[in-house]
Amino acid sequence: MAYSKYMLELMSKAKLKNKTIVLPEGEDARVLEAAHIVAEEGLAKLVILGKEAEIKAFFAEKGWGLEGIEIVEPEKSPRLQEYTKLLFELRKDKGLSEEDAAKLALNYNYFGTLMIKSGHADGMVSGANHSTADTVRPALQIIKSAKKGRMASSCFIMVSGGKPYILSDCAIVINPTDREMADIALDAAESAINFGMEPKVALLSYSTYGSGKGEAVDKVKSAVALAKADLQLPEYKELNIKLDGELQADAALDAVVAKKKAPASDVAGQANVLIFPTLEAGNIGYKLLQRLGGCEAYGPLLQGLKAPVNDLSRGALVEDIVGVIVCTVLQTK
Ligand SMILES: CC(C)(COP(=O)(O)OP(=O)(O)OC[C@H]1O[C@@H](n2cnc3c(N)ncnc32)[C@H](O)[C@@H]1OP(=O)(O)O)[C@@H](O)C(=O)NCCC(=O)NCCS
């Protein structure tokens, strides 16, 4: 896969940030190949978790150097005790025993997350061999949401015809309430800004401006009202976020349809951030675009966390893993 011009631009920005990303899946050849590309291009510094001898042998066989890459074997790490103690302190009120903390800290996704919490890495990319739940649960428990009481959610960057779009939420929040959908829309707008876009956010439905009826439409209408009210808050005022709904996908994306269905909207026909009413719609939607529409897809990228932890699809190619590492670098503070 050749990278789009857009991804090449994100790569140039990532290089300037010089961040450290931890990759807990050192047993996976795709992850190791992606690590080699990232290190060689100077997109990030990397920590790979895994068996040192095996990883070194893999790199030696390929004739690749290990500059910019640190290999950490959690079982032998001098920091294991420190991380175990930290995990116990963070989770003892949730019923975690010292014994279970010692076991859990040896789980590579927990170990990587604890590295971030301790300031020894800036972000993590995992999921080539783990489910979304196993990858993101440590982050939800340890890193936590950036805004208290707010759900973390996720987005995909989809590149279609060279143009980037943010789709959200396609991976985490199964059936958001109106309040949660509004929060997802606002966090997705901030993700778009992080990834170099000017957000025009459409909250999607099977109805445009009241053309359809039902509880699901009412939820989206209410989410639009809540998000629009929040855009008046000082934290959002300067961000120049345009947001509207409820809109059908064609009214959101197609200027001709928008002119008929929502002529007064400053988002319809030009939306680049698409917010789905449920995980079902979002997950099916992004996969259709990827498989039938031939779009590049990067994600799911978590949004709304204090530090970035990102998931990979288990079918991810080396290029996808490189792209997600680049996005993770751009999400770091
Ligand atoms: C993300 C997900 C795995 C979390 O599930 P879980 O681990 O069972 O979550 P739990 O309810 O046990 O919560 C675990 C912790 O994470 C927190 N949490 C859960 N979801 C959260 C969210 N969206 N944002 C912030 N925190 C969250 C909980 O508050 C809890 O914290 P605590 O233990 O400190 O009290 C779940 O929402 C899920 O399965 N989503 C769908 C995933 C999926 O199948 N995606 C499609 C494929 S990509």
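The values are calculated or read from the model by the stated rules, or taken from the named source; none is laboratory data. Please read these numbers as outputs of a predicted model, since none were measured by experiment. FYI the Cβ positions are ideal-geometry reconstructions off the backbone, even for glycines, and counts take in every protein chain you see.
Scanning region 227-270 for residues that are in contact with a Ser or Thr (Cβ under 6 Å, 6 or more places away or on another chain) and of a type in the set (A, V, I, L, M) yields a count of 3. Just checking, does region 53-71 include any residue being in contact (Cβ under 8 Å) with a residue 40 or more places away in the chain and within 22 Å of Val322 (Cα to Cα)? Yes, that holds for at least one residue. Listed by position, the helices (runs of 4 or more DSSP H) enclosed by region 255-333 include none that has at least 3 residues that are of a type in the set (D, E, K, R) and crowded, with 24+ Cβ neighbours inside 10 Å. The number of residues in region 139-150 that are surrounded by fewer than 24 Cβ atoms within 10 Å (Cβ to Cβ) and more than 8 Å from the ligand (Cβ to nearest atom) comes to 6.
Looking at Ser168, Ser154, Ser118, just one residue is in the same structural domain as Asp93 (by TED's automatic domain parsing) and of a type outside the set (D, E, K, R), and that residue is Ser118.
Scan region 258-287 for residues that are over 19 Å from Gln303 (Cβ atoms) and touching a Lys or Arg at 6+ places or on another chain (Cβ under 8 Å) and the total you get is 5. When restricted to residues that are closer than 20 Å to Met151 by Cβ and of a type in the set (A, V, I, L, M, F, W, C), region 109-137 contains 4.
Got at least one residue in region 34-42 being more than 25 Å from Ala133 (Cα to Cα), β-branched (Val, Ile, Thr) and within 26 Å of the chain's Cα centre (by Cα)? The answer is yes; a qualifying residue exists. Here Ala101, Ala53, Ala2 are screened, and the one residue that is in a helix (DSSP H, G or I), out of contact with any Phe, Trp or Tyr (no Cβ under 8 Å at 6 or more places or on another chain) and of a type outside the set (D, E, K, R) is Ala53. Just so you know, in region 163-194 the residues that are hydrophobic (A, V, I, L, M, F, W, C), more than 11 Å from the chain's Cα centre (by Cα) and within 10 Å of the ligand (Cβ to nearest atom) include one that is farthest from Gly282 (Cα to Cα), and it is Ile184.
If a residue counts only when it is closer than 27 Å to Asp28 by Cα, which strands (runs of 3 or more DSSP E) contained entirely in region 123-241 have at least 2 such residues?
In region 123-241, the matching strands (runs of 3 or more DSSP E) lie at 123-126, 153-160.
For region 116-138, a residue qualifies if it is crowded, with 19+ Cβ neighbours inside 10 Å and under 22 Å from Lys17 (Cα atoms), and the qualifying residues are Ile116, Lys117, Ala121, Asp122, Gly123, Met124, Val125, Ser126. When Ser153, Ser126, Ser160 are checked against the criterion of being within 8 Å of the ligand (Cβ to nearest atom) and either among the small types (Gly, Ala, Ser) or more than 14 Å from the chain's Cα centre (by Cα) (or both), Ser153 stands alone in meeting it. Taking the listed residues Val220, Val201, Val224, the one that is touching a Ser or Thr at 6+ places or on another chain (Cβ under 6 Å), among the aliphatic types (A, V, I, L, M) and in contact (Cβ under 8 Å) with a residue 40 or more places away in the chain is Val220, with no other qualifying.
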